[in-house]
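Presented below is the structure to which this report refers.
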Amino acid sequence: MSRTLFALSIFCTLSTVVLCPQTISAESLILENARIYTVDKSKPWADTLAVDENGKISAVGTSNEVKAQIKGNPIVIDLKGKMVLPGFQDVHLHPVEAGVNEILCVFEPFDTIKNLEFTVLDCIDESEPGEWVLGSGINMAYLLERHDNPVEILDKISPHRPVLILDDLGHGAWTNSVGLKAAGYHDIQDDPAGGIIIRNKKTGKPNGVVLENAQQKLRNLAFPPTAKNIDFAYESLLKALKILAKNGITSVSDAGGYWPQGHHNAWIRAESEGSLTVRASNAMYIYPDIALDKQLAQLKSLYSNDANALVRFNQAKIYVDGILSQATGALLSPYSAGLRLSKDEQYGFLYFEEKKLKRAAKVLSELGFQLHFHVTGDYGARLALDAIENATQKSGPHRLTHLYLVDQKDFDRFTELDVVADFQLAPSSLSSDYLSFIKTFIGKRSKTMLPAGSIHDAGALVTLSSDWDADKLSPLVKIKTAVGRKNNGVPDVETAIRMLTINPAQALQQADRTGSIEVGKFADLVVLDKNIMEIPLEQISETKVISTLFQGSIIYDPMNLFENAR
């Protein structure tokens, strides 16, 4: 038994919180009578594979071929025609935050002011005296349409305790005067770097709503790295791991990286205690309102990139712009005139000045960090590509995520610069309602949004991620949606599978160990009840994950398919 699996088994005898891996006691495990899609172009299909005592794939082929190579007394599992794929990999999601968000009071995005007041009162009743009152779910644009100075609402209800209510998009927050003062925003004259403070048009004072990076100081104040908060972040991660296993996901990249909140400690603890059931290549958020040189000492101390570790902190998360639906995505051409934006708002918003962005990319890449850029607008994408061109490629591949708009002139640059293009092709982003909504912001450009197909055709490495818990997690839903898209979709199911297995493995610097079913790679596997290559496209999202294996250990098996292997 490998050292990692031994640690897992010891931890699981003590814990009932997480669905623990169940190690296989035999020298070998054989999965036979399966439809195994290997994602190995030289040998795409097999019906049998073997897993050794170290959790690695030791043979792939026909039943006779595999059994001829295996000595001893292996356990044999008859999969009765079920499909086996490499474990899915999600290069952009927020598993710790997903758990933390569960404890926040939930607000309806488009509620009445009176109902919002009632919800705030409920939040206060449910929270501990003296602590921040915390909630989420408000749509800030809708709130500002209903009240031009919403700080008054919170001040009336909670004049002495700080309140923080996060928006429904992850790019804004609503606070009271106590919260504004705690962050130093109560008497600030200009916007902080990378942030926007909305002001009362009559008085010029902050009206309680802040956008983009301005919310991060409030988040850090509301979620300090106390022992209690870090313990909760750890418990939240354990819950998230169960959900990931249920969805067949065995590798991730936590795209949050808010290190002042101590979330990285949850990952470190999970690995040290043997409770981790994914391999993770995680990001560190780069704060635009803190001088880069002041951040470097902490970033250097947190950096790790040991290929043998389950957790690595080897990525720098850099926001270039905001989001299109808030008119903060950075555009080459102005937003629609109907929005009546001021002259300095018509092209969106940047977290960093171009010179500072390029310096950050160069310095961080030279330290070994992969660059992970948040971009939604076409100007934002161009600036990120320019920054990568100015950076070192040794720590790459670097990547851009979201990519709602990309200018056609930049398509080939992804291939030329070896940049990964990461998309979230979720049903919510492709629905007719959303397209009609976003058209009011960017006009006819909405027809060319999320150009995954075009950038794939240009030869770039494309991945599909979830941005969970901002959107649906299921890789099977993503496959169905991406392939079913009429314009700029993924050409076929096989390509979509690659975008969720071997492509992200390349993006995460682990294609030599994961991403395909080949001898010598870890047995990170997902078993599906149907062969998604042979069923109608509409049925793919209804396909069920039957079992998930991580390094040969069973981490999800509700139907006891692997009962004989325990």
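The aspartates and glutamates within cross-link reach of Lys444, meaning a Cα-to-Cα straight distance under 18 Å and a gap of 8 or more places when in the same chain, are Asp378, Asp407, Asp433. For the chain, the longest principal axis of the C-alpha atoms and the axis of helix 432-442 are separated by about 50°.
Rounded to the nearest 20, the size of the Cβ-charge dipole of the range 127-193 about its Cα centre is 200 debye, with Lys and Arg at +1 and Asp and Glu at -1.
Separation of the range 116-144 and the range 28-103, taken as the distance between their Cα centroids, equals 46 angstrom. Think of the chain as a dipole: +1 on every Lys or Arg Cβ, -1 on every Asp or Glu Cβ, centred on the Cα centre; then among Pro491, His147, Gln298, Pro491 lies furthest on the positive end. Pairs spanning more than 27 Å between alpha-carbon atoms, out of Lys239/Lys486; Lys114/Lys447; Lys239/Lys300; Lys114/Lys228; Lys80/Lys246; Lys217/Lys242: Lys239/Lys486; Lys114/Lys447; Lys239/Lys300; Lys114/Lys228; Lys217/Lys242.
What is the local net charge at Phe437, summed over the other residues whose Cβ is closer than 15 Å to its Cβ (Lys, Arg +1; Asp, Glu -1)? Neighbour charge sum, excluding Phe437 itself: +1. For the range 96-222, the antiparallel share of DSSP beta bridges with both residues in that region comes to about 60%. For the range 140-182, the gyration tensor built on C-alpha atoms gives an oblate shape. Its axis ratio a/c (a ≥ b ≥ c) is at least 1.5, and a/b is not larger than b/c.
Separation of the alpha carbons by more than 28 angstrom is noted, of Lys358/Lys409; Lys181/Lys294; Lys43/Lys478; Lys56/Lys480; Lys478/Lys521; Lys394/Lys478, for Lys56/Lys480; Lys394/Lys478. From least to most packed, judged by other beta carbons within 10 angstrom and beginning with the fewest, Trp45, Trp468 follow the order Trp45, Trp468. To test your reading of the geometry: what angle, between 0 and 90 degrees and rounded to tens, separates the Cα axis of helix 263-272 from the longest principal axis of the chain? Roughly 20 degrees between the two axes. Rounded, prolate or oblate: which fits the range 96-222 when a ≥ b ≥ c are the square roots of the eigenvalues of the alpha-carbon gyration tensor, with rounded for a/c under 1.5 and prolate only if a/b beats b/c? The shape class here is rounded. For helix 3-12, what angle does its Cα long axis make with the longest principal axis of the chain, in degrees from 0 to 90 and rounded to 10? Here the helix axis deviates by roughly 70 degrees.
Using just its DSSP H runs of length 4 or more, each adding -39500 (n - 2.57), the chain gives a mean residue ellipticity at 222 nm of -9500 deg cm²/dmol after division by all residues.
With Cα extents along the principal axes in Å in mind, check [x] 101, 58, 42; [y] 101, 55, 45; [z] 81, 53, 44 and report the label derived from this structure. Evaluating Cα extents along the principal axes in Å on these atoms matches [z]. Between amide H atoms placed 1.01 Å from N, distances below 5 Å from Val76 occur with Ile30, all of them 5 or more places distant or on a separate chain. Neighbour counting of Cβ atoms within 10 Å sorts the residues Asp306, Asp378, Asp418, fewest neighbours leading, into Asp306, Asp418, Asp378.
Here the Karplus relation 6.51 cos²θ - 1.76 cosθ + 1.60, evaluated at θ = phi - 60°, turns the backbone of the range 97-104 into coupling constants of 4, 4, x, 4, 4, 5, 8, 6 Hz, with x for every Gly and Pro. Of the beta bridges in the chain, as assigned by DSSP with both residues counted there, near 45 percent are antiparallel. Close amide H partners of Met284, meaning residues 5 or more places away or on another chain with modelled amide H under 5 Å apart, are Gln315, Ala316, Lys317.
What are the trypsin sites (Lys or Arg not before Pro) within the range 110-196 that DSSP puts in a loop, where the Cβ has at most 16 other Cβ atoms within 10 Å?
none
Around the Cα centre of the chain, unit charges on the Cβ atoms of Lys, Arg, Asp and Glu (plus for the first two, minus for the last two) sum to a dipole of about 660 debye.
The order of Phe223, Phe414, going from fewest to most other C-beta atoms within 10 Å of their C-beta, is Phe223, Phe414.
No value in this document is a laboratory result; all are computed from the given coordinates. Note that the coordinates shown come from a computational prediction; the quantities given were computed from them, not determined experimentally. Cβ sites come from the backbone with ideal geometry, for glycine too, and all protein chains shown count toward neighbours.
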